[in-house]
Every structure is written in structure tokens, then in C-alpha cells.
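Novice: Sending over a structure as C-alpha cells; questions will come in a sec.
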Amino acid sequence: MKIVRKRVVVLISGRGSNMQALIAAAKAPDFPAEIVGVISDRANAGGLALAHAEGIKALAVKSSDFASGEDHEAAIERAIGEIGADLICLAGYMKLLSAEFVHRWTGRMINIHPSLLPLFKGLDTHRRVLQSGMRVHGCTVHFVSPEMDGGPIIAQAAVPVANHDNEDSLAARVLKAEHRLYPLALRLLAEGKIKLDGERVANSLIGQVDDDQMILSPDPSKEPVDVEALARFTP
Ligand code: GRF
């Protein structure tokens with residue numbers, strides 16, 4: 001049976017390793033989404049060349065080319081419209097989006113953040129985690145809401161913090177988890193296995209501890225989706 005894939009545009013500002021993880025995952029024949037475009041607000045974002053090399057439409061829409069932040073955002077949204085997207089994935093996109101933009105994409109735009117939200121919103125998460133003395137750290141994929149890093153949580157992966165960790169070693173461990181978590185979360189969203197229920201995300205899946213000592217939650221292989229429970233929520 002031919003699956004109908006959701007069309008995904010990825011917004012980036014930098015190296016694009018999470019974007020690459022999404023592109024790689026979407027190559028699987030049964031993946032329910034395809035990456036149809038990558039847009040960066042910075043012309044020098046390394047991810048643009050990577051996307052282009054994959055044959056994906058990749059364009060820079062620079063804020064310096066526009067008179068105001070509103071005009072820039074409108075140009076980004078126009079580009080998304082021209083490509084034609086069902087879903088937006090933010091992957092290291094460093095510009096804050098306006099509440100109007102966010103509301104237009106409610107339930108259809110997700111972001112990955114390098115901490116176990118709601119802890120450590122914002123920048124420099126690895127440094128702040130080390131300073132805090134936390135023994136676990138991780139990453140979160142969440143729906144985007146107008147509050148930065150504040151939207152309903154879809155999935156999280158936790159990793160241990162080691163005594164010998166520095167910012168780089170901790171960042172590398174979390175990034176590895178990000179590259180597994182983001183495709184998983186996109187899959188769940190594109191398959192309709194999670195629904196936005198006000199401030200929370202509804203699903204009936206439970207997590208797992210895997211061989212890399214990551215806790216992945218939810219894990220779609222662990223429990224069948226309770227379709228009736230999901231039917232009560234509208235995205
Ligand atoms: C990632 O750590 C992501 O969680 C954060 O920005 C970083 C982007 O890295 N939002 P990359 O461009 O995906 O490599």
C-alpha cells in the first residue's frame with residue numbers, strides 16, 4: 001500500500017545535524033513524512049549545503065534583506081507556502097517566531113531543545129546543567145507555542161551526566177540522543193499517534209531504556225496506540 005507522506009519543511013540557522021537526522025530517517029520507505037524543503041535565516045548555515053546535496057530545496061531567507069522582523073517572517077512563511085508544507089520542524093532555528101505565526105501552525109510545528117524541559121529553557125543548556133549538579137540531562141521535542149521552549153512536550157530522551165563531563169562531551173551525548181529522538185517524534189506526529197490536548201500531548205505509549213542507556217519516551221514499539229482515547233482529542 002502506498003503511504004501518503006506528510007510534507008515537512010525544516011527551518012535551520014546553523015550546521016543542521018538534526019535536519020540531517022530527519023532527512024536520513026525520511027529515506028526509509030515506510031517513514032510517514034518527507035523533507036521537502038529547508039529554509040535558513042542565515043546564508044552561511046552549513047545545513048543548507050547538506051540539504052542541497054540531498055537534492056532537497058534549500059534556501060536562505062536572510063533577515064538583513066528585509067526592513068523589519070515582520071517582513072522577514074512573512075517572507076519565510078511565503079517560502080514555506082510555496083514549497084507546500086503540512087508540518088514544520090524547527091532544528092536549531094535561532095529566530096523567535098511571532099505569536100501569530102505560531103498560532104497559524106498550532107499542532108503542526110515542532111522543535112527540538114537540548115534539555116529536559118521545562119528545565120533549562122533558552123541557550124547554553126549544557127553549561128547550566130553542569131553548573132546545576134544535575135545527574136541526568138537530555139533533550140525534548142515539543143510543539144511550538146508562543147513561549148520560547150514552552151510548548152507541549154511530545155517526547156524526551158535522558159542521558160547521564162558523568163563526573164568527567166565538560167560542555168563538549170555532554171553536548172555530544174545529548175546530540176546523539178537528539179538525532180534519535182527527533183525522527184521518532186516526527187514519525188509519531190506524522191502518523192497521527194499523538195494529539196495536542198491543550199497544554200499537553202495525548203498518547204498512550206510508554207517509554208523504554210535502551211542499550212545506549214537512553215530513556216526514550218514514548219516508544220511506539222512498546223504499546224499499541226489507544227485509538228479510542230486519541231479520538232477524543234482533536235489536534
Ligand atoms: C541542537 O542542539 C538543537 O537541540 C538546538 O540547536 C541545536 C542545533 O544543532 N535547538 P544542529 O544545527 O541540528 O546540529
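Novice: Does the range 120-143 contain any residue that is touching a residue at least 24 places away in the same chain (Cβ under 8 Å) and of a type in the set (Phe, Trp, Tyr)?
Specialist: yes
Novice: Shifting gears a bit: Considering only the range 142-153, how many residues are within 17 Å of TYR93 (Cα to Cα) and in a loop (DSSP other than H, G, I, E, B)?
Specialist: 8
Novice: Shifting gears a bit: Kindly indicate whether any position in the range 65-77 is farther than 17 Å from ALA185 by Cβ, in contact with a strand residue (DSSP E or B) (Cβ under 7 Å, 6 or more places away or on another chain) and either modelled with pLDDT of 95 or more or not acidic (Asp, Glu) (or both).
Specialist: yes
Novice: A follow-up question, please. Can you confirm whether the range 53-76 contains a residue that is touching a His at 6+ places or on another chain (Cβ under 7 Å), within 16 Å of the ligand (Cβ to nearest atom) and closer than 28 Å to LYS27 by Cβ?
Specialist: yes
Novice: Still on this structure, please answer the following. Any idea which of LEU188, LEU205 is in a helix (DSSP H, G or I), more than 17 Å from ASP124 (Cα to Cα) and free of Cβ contacts under 8 Å to residues at least 40 places away in the same chain?
Specialist: Working: LEU205 fails: in a helix (DSSP H, G or I).
Unique residue meeting the criteria: LEU188.
Novice: So LEU119 ticks every box in (1) more than 16 Å from the ligand (Cβ to nearest atom); (2) part of a loop (DSSP other than H, G, I, E, B) but one. Which box is left unticked?
Specialist: (1)
Novice: From (1) loosely packed, with under 13 Cβ neighbours inside 10 Å; (2) assigned to a helix (DSSP H, G or I); (3) away from the ligand (no atom under 16 Å from the Cβ), pick out the condition that doesn't hold for ALA49.
Specialist: Every condition holds for ALA49 apart from (3).
A quick yes/no check of all residues on (1) surrounded by 18 or more Cβ atoms within 10 Å (Cβ to Cβ); (2) modelled with pLDDT of 95 or more; (3) over 17 Å from the mean Cα position of the chain (by Cα); (4) over 24 Å from VAL102 (Cβ atoms):
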| position | (1), (2), (3), (4) |
| --- | --- |
| HIS142 | yes, yes, no, no |
| SER145 | yes, yes, no, no |
| MET148 | no, yes, no, no |
| VAL174 | yes, yes, no, yes |
| LEU205 | yes, no, yes, yes |
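Novice: Considering only residues that are among the β-branched types (Val, Ile, Thr) and closer than 15 Å to ASP86 by Cα, look in the range 8-27 and name the one that is nearest to the ligand (Cβ to nearest atom).
Specialist: Only one residue fits best here, namely VAL10.
Novice: With respect to ASP211, determine if the residue is without any contact (Cβ under 8 Å) to a residue 60 or more places away in the chain and part of a loop (DSSP other than H, G, I, E, B).
Specialist: Yes; evaluated as a whole, the condition is true for this residue.
Novice: Which members of the range 28-46 meet the condition of being farther than 20 Å from ILE80 by Cβ and either within 16 Å of the ligand (Cβ to nearest atom) or assigned to a helix (DSSP H, G or I) (or both)?
Specialist: If the condition is that a residue be farther than 20 Å from ILE80 by Cβ and either within 16 Å of the ligand (Cβ to nearest atom) or assigned to a helix (DSSP H, G or I) (or both), then ASN44, GLY46 are the ones that fit.
Novice: Can I ask one more? Within the range 132-141, can one find any residue that is polar (S, T, N, Q) and in a loop (DSSP other than H, G, I, E, B)?
Specialist: no
Novice: Scan the range 78-116 residue by residue and report those that are within 13 Å of the ligand (Cβ to nearest atom) and out of contact with any strand residue (DSSP E or B) (no Cβ under 7 Å at 6 or more places or on another chain).
Specialist: Matches in the range 78-116: MET94, LYS95, LEU96.
The values are calculated or read from the model by the stated rules, or taken from the named source; none is laboratory data. Keep in mind that this is a model prediction, so the values were computed, not measured. Please note: Cβ atoms are built from the backbone with ideal geometry, for glycine as well, and neighbour counts cover all protein chains shown.
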